[in-house]
Amino acid sequence: MVLNPYAKFLGEQDARTVIAMTPGLVHQAVTAMTAEQVQAPIAEGKWSPREIVAHLADCELVFSFRLRQTLAMPSPVIQPFDQDDWAKQYASYDIASALEMFRAARGWNVKLIGGLSEADWQRQMTHPERGTMTFQNVVETMAGHDNNHLIQLQSVLKA
């Protein structure tokens, strides 16, 4: 598997800028949708916008722990997760709660990231499926992942 499977969605964009802007862009996208659009899958076999936002909130919790593990210990091995297994619980979450969780956790992570040294950005972790990654690689993964889901949400508005 590639180090950052979302790199194509980031391109030359600054990862820090992307992750700081994403909660506002997600909020704008879903508040422009009808209640039906929020609940309907974006395509057959895909998640609804509500489920996408719940997924973003879940992923932010995972990224939060991974980032802090990387700063707190030398070369930790992080735990992968099956997003589809986690998604089985998404019926429990409403869009407002998912948005708030994502916004709060992301805000906390942006504050953490904003205060780091260059050496912190080069700290390493091991992903069992992707290999050795740096803190910077994880932030870039977050940003590319954000852009991927923003494209999905914005496609609902264009349809």
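Annotation for region 24-41: no member residue is touching a Ser or Thr at 6+ places or on another chain (Cβ under 8 Å) and at pLDDT below 95.
Among the residues of region 65-114, which ones are outside any helix (DSSP H, G or I) and touching a Phe, Trp or Tyr at 6+ places or on another chain (Cβ under 9 Å)? Please lay out each step first, then the result.
First pass over region 65-114, keeping only residues outside any helix (DSSP H, G or I): 73-82, 88-89, 93-94.
Those that are outside any helix (DSSP H, G or I) and touching a Phe, Trp or Tyr at 6+ places or on another chain (Cβ under 9 Å): Ile78, Gln79.
Checking the structure you have, find out if any residue of region 116-123 is part of a helix (DSSP H, G or I), within 22 Å of Leu3 (Cα to Cα) and small (Gly, Ala, Ser). Steps first, please.
Step one: list which residues in region 116-123 are part of a helix (DSSP H, G or I), which gives 118-121.
Within this subset, residues satisfying the condition of being within 22 Å of Leu3 (Cα to Cα) are 118-121.
Add one more test, that the residue is small (Gly, Ala, Ser), and what stays is 119.
Yes, that holds for at least one residue.
Within region 16-35, is even one residue in a helix (DSSP H, G or I) and more than 26 Å from Tyr93 (Cβ to Cβ)? Let's see the steps before the verdict.
So the first thing to find is which residues in region 16-35 are in a helix (DSSP H, G or I), and the list is 16-31, 35.
After this cut, where a residue has to be more than 26 Å from Tyr93 (Cβ to Cβ) as well, the list is 16-17.
There is at least one residue in region 16-35 that is in a helix (DSSP H, G or I) and more than 26 Å from Tyr93 (Cβ to Cβ).
Candidates in region 14-68 are the residues that are under 11 Å from the mean Cα position of the chain (by Cα) and among the acidic types (Asp, Glu); of these, the one that is surrounded by the fewest Cβ atoms within 10 Å (Cβ to Cβ) is Asp58.
As for region 85-103, it holds at least one residue that is modelled with pLDDT of 95 or more, among the hydrophobic types (A, V, I, L, M, F, W, C) and surrounded by fewer than 14 Cβ atoms within 10 Å (Cβ to Cβ). The residues listed here are Asn148, Asn137; of these, the one that is among the polar types (S, T, N, Q) and surrounded by 18 or more Cβ atoms within 10 Å (Cβ to Cβ) is Asn137.
Candidates Ser48, Ser64: the one that is under 20 Å from Val138 (Cα atoms) and not aromatic (Phe, Trp, Tyr) is Ser64.
Here's a check for you: in region 1-13, which residue that is assigned to a helix (DSSP H, G or I) and surrounded by fewer than 17 Cβ atoms within 10 Å (Cβ to Cβ) is modelled with the lowest pLDDT? Walk me through it before giving the result.
Taking region 1-13 as the starting set, the residues that turn out to be assigned to a helix (DSSP H, G or I) are 7-10.
Adding the requirement that they be surrounded by fewer than 17 Cβ atoms within 10 Å (Cβ to Cβ) leaves 7-8.
Details: Ala7: 89, Lys8: 92.
Here the answer is Ala7.
The values are calculated or read from the model by the stated rules, or taken from the named source; none is laboratory data. Please read all numbers here as calculations on a predicted model, not as lab measurements. Methodologically, a virtual Cβ is constructed for each residue, glycine included, from the backbone with ideal geometry; neighbour enumeration extends over all protein chains shown.
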